[in-house]
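The values are calculated or read from the model by the stated rules, or taken from the named source; none is laboratory data. Here the structure is a predicted model, which means the values were calculated and not measured. Glycine gets a Cβ as well: all are built from the backbone with ideal geometry, and neighbour counts include every protein chain shown.
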């Protein structure tokens, strides 16, 4: 059917030559005083040119078969064939083409049913091989891609397919290219568009991810508490063996508390005596600063 359609692909040049020859035959009909011979000859010559002159676009190639034997490729541009004797194959488009494939309800390596959609970019680099060795290379590419996609899904786990789509596409491209090179076809790239999983499994995975994040948050909080406790323990050892450092720390805490205007700090008098801050507080009062007010311990 496709060969017959290719043969019926008549060119505008052939139609123009038919019109010219028919016009010349009509003129000869009148010049010969009504003799039909010039008209018949012009129409026959025009029909010959109509079926003999063909045109292929810049990106197309077509095979010519003479009595069923391949004699060569034609195109691009004008070319001539012998009607009835010569027959044309399908016109082969050598531009990059896109084919969409899908694998529905295919089990992964960890037995998860998924639906995967992919896009294949391919082109015919040898029109002679693709015409003579493959009956329908469009269908062959589609079916081969679906089979390779299902096989690749079965070799990978769901987490790999979701996180490593590029790796999966490269693997599919390598498998397909090895198969199609002998057909005169090369697969340039394969892109995974979507990986769909059942809604129930999506909900379970979402809850699992949430639980995992909560676990990580609790672990981080526990680690922070442990580090803080260790630092407090080291600070306590330092203050225990060095009373001066303890006094300096206490004075710094008081300073931080009273450095803001209008602030008031109440400390026990025993703490003031222990730290020896009586003179310091008196000096601060004489200087006009608001000193902390000691309170007698009960």
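Does any residue of region 59-79 turn out to be closer than 26 Å to residue 26 by Cα and either at pLDDT 90 or above or within 50 Å of the chain's Cα centre (by Cα) (or both)?
No: region 59-79 contains no residue that is closer than 26 Å to residue 26 by Cα and either at pLDDT 90 or above or within 50 Å of the chain's Cα centre (by Cα) (or both).
Kindly indicate whether any position in region 106-124 is under 24 Å from residue 170 (Cβ atoms), surrounded by fewer than 12 Cβ atoms within 10 Å (Cβ to Cβ), touching a residue at least 40 places away in the same chain (Cβ under 8 Å) and under 41 Å from the mean Cα position of the chain (by Cα).
Yes, the conditions are met somewhere in region 106-124.
Give the number of residues within region 44-85 that are more than 25 Å from residue 185 (Cβ to Cβ) and free of Cβ contacts under 8 Å to residues at least 24 places away in the same chain.
5
For region 187-199, name all the residues that are closer than 12 Å to residue 120 by Cα and crowded, with 17+ Cβ neighbours inside 10 Å.
Once the filter is applied, which keeps residues that are closer than 12 Å to residue 120 by Cα and crowded, with 17+ Cβ neighbours inside 10 Å, region 187-199 yields 187, 190, 192.
Is it the case that residue 47 is assigned to a helix (DSSP H, G or I), outside the structural domain of residue 125 (by TED's automatic domain parsing), farther than 30 Å from residue 124 by Cα and touching a strand residue (DSSP E or B) at 6+ places or on another chain (Cβ under 7 Å)?
So residue 47 does not fit the description; no.
Take the conditions in a strand (DSSP E or B) and within 20 Å of residue 9 (Cα to Cα) and apply them to residue 65. Does it pass?
yes
Among the residues of region 5-31, which ones are modelled with pLDDT under 85 and either under 20 Å from residue 79 (Cα atoms) or exposed (fewer than 13 other Cβ atoms within 10 Å of the Cβ) (or both)?
5, 6, 7, 8, 9, 30, 31
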